[in-house]
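Have a look at the structure below, then the notes.
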Amino acid sequence: QVQLVESGGGLVQAGGSLRLSCAASGSIFRINTMGWYRQAPGKQRELVAAITNGGSTNYADSVKGRFTISRDNAKNTVYLQMNSLKPEDTAVYYCNADIVPSNWGRVYNYWGQGTQVTVSS
């Protein structure tokens, strides 16, 4: 079965940096768009950044200029470099990907388990 596993979350001081990683594993034929979402307590889950298999990117207005999404197709991994972190960035960050499994020729959407990011002031 296909699964996504995130890593790299933690506690950081305002103005600091963190790098999140998400690795896809299992019987995978192709990975299309990969992205990062976040959810703070009492708030809706929101898109942070996304990247297509062609390299096109989208960012939430609140993180433009501070966060950078990238991917390593050979490793089936997507990254989120987070710089100049603010307390309002505190949330659980979730990896998301559109994947075609090897045994079925259609796209399925997958979610990771989430990783906590806490930014202190």
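The values are calculated or read from the model by the stated rules, or taken from the named source; none is laboratory data. As the structure is a prediction and not an experimental result, all values here were calculated from the model. Cβ coordinates were reconstructed from backbone atoms using ideal geometry, including for glycine residues, and neighbour counts include every protein chain displayed. Protein only, heavy atoms only, side chains kept; ligands, DNA and RNA dropped before computing areas. Shrake-Rupley method; radii C 1.70, N 1.55, O 1.52, S 1.80 Å.
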Query raised in the report: Between the DSSP loop rule and a limit of at most 15 other Cβ atoms within 10 Å, which trypsin sites (Lys or Arg not before Pro) in segment 48-93 are left?
Result: LYS64, ARG66
**Report entry** Spacing of the two label points (7 Å from each Cα toward its C-beta) at ASN58 and TRP111, in nm
**Finding:** 1.8
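Run through segment 1-56 and list the trypsin sites (Lys or Arg not before Pro) located in a DSSP loop whose Cβ has at most 15 other Cβ atoms within 10 Å. Numbers along the way, then the final one.
Working: sites: ARG19, ARG30, ARG38, LYS43, ARG45; in loops: LYS43, ARG45.
In loop regions of segment 1-56 (DSSP not H, G, I, E or B), the sparsely surrounded trypsin sites (Lys or Arg not before Pro) are LYS43, ARG45.
For the chain, what % of the accessible area comes from carbon and sulfur atoms, probe 1.4 Å? Don't jump to the answer; show the numbers that get you there.
Working: 3000 of 6470 Å².
Of the solvent-accessible surface of the chain, carbon and sulfur hold 46 percent.
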